[in-house]
Amino acid sequence: MNVAEPDRSLGDIVKQLTSDLTQLVRSEVALAKTELQENIGRLGTGAGLFGGAGVIGLFAVEFILLALMLGLVALGVGAWVAALIVGVVLSIIAAVLAMRGKKTVAGVTVAPTHAIDHMKSDAGAIKTEIERARSR
């Protein structure tokens with residue numbers, strides 16, 4: 001914003017104010033768009049990682065737990081008890097993964113908080129300038 005000169009006319013001041021406000025609104029909208037895109041991108045990445053980990057983990061755990069179950073049967077444990085033990089282990093792993101996923105997603109907000117803060121600050125500055133112009 002240009003420094004106000006005492007001999008400027010009210011029309012010049014209003015024209016400059018309109019120009020500054022237009023530029024300010026454009027820049028704030030651009031900031032909000034950028035912030036929103038970043039936040040949505042992080043959510044998408046987190047969700048993709050979540051899904052990929054689930055699919056690959058499912059195959060890996062399936063074979064490891066099948067080997068564990070067959071090992072327990074070979075040691076003389078009944079097949080149903082071996083399957084129960086394996087099921088409990090799977091439940092614990094699922095709970096841990098769900099908690100990690102919840103923690104990852106909980107820290108991300110979609111709302112463009114920085115842009116909103118900037119707009120509030122800009123609105124306050126505009127109000128101050130309008131009051132100062134009125135008091136002249």
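Read-outs throughout are calculated quantities, based only on the coordinates presented, and are distinct from any laboratory measurement. Just so you know, these numbers come straight off a predicted model, no measurement behind them. Heads up, the Cβs are rebuilt from the backbone with ideal geometry, glycines too, and the neighbour counts pull from every protein chain shown.
When VAL77 is tested against (1) closer than 28 Å to ALA30 by Cβ; (2) surrounded by 14 or more Cβ atoms within 10 Å (Cβ to Cβ), just one condition goes unmet, and that condition is (1). Restricting attention to the range 81-136, the residues being touching a residue at least 60 places away in the same chain (Cβ under 8 Å), within 28 Å of ASN39 (Cα to Cα) and in a helix (DSSP H, G or I) number 8. Looking across the range 3-54, the residues that are among the charged types (D, E, K, R) and more than 29 Å from VAL108 (Cα to Cα) come down to GLU5, ASP7, ARG8, ASP12, LYS15, ASP20.
Scan the range 27-36 and tell me whether some residue there is over 30 Å from ASP122 (Cα atoms) and surrounded by 14 or more Cβ atoms within 10 Å (Cβ to Cβ). No; the residues of the range 27-36 include none that is over 30 Å from ASP122 (Cα atoms) and surrounded by 14 or more Cβ atoms within 10 Å (Cβ to Cβ).
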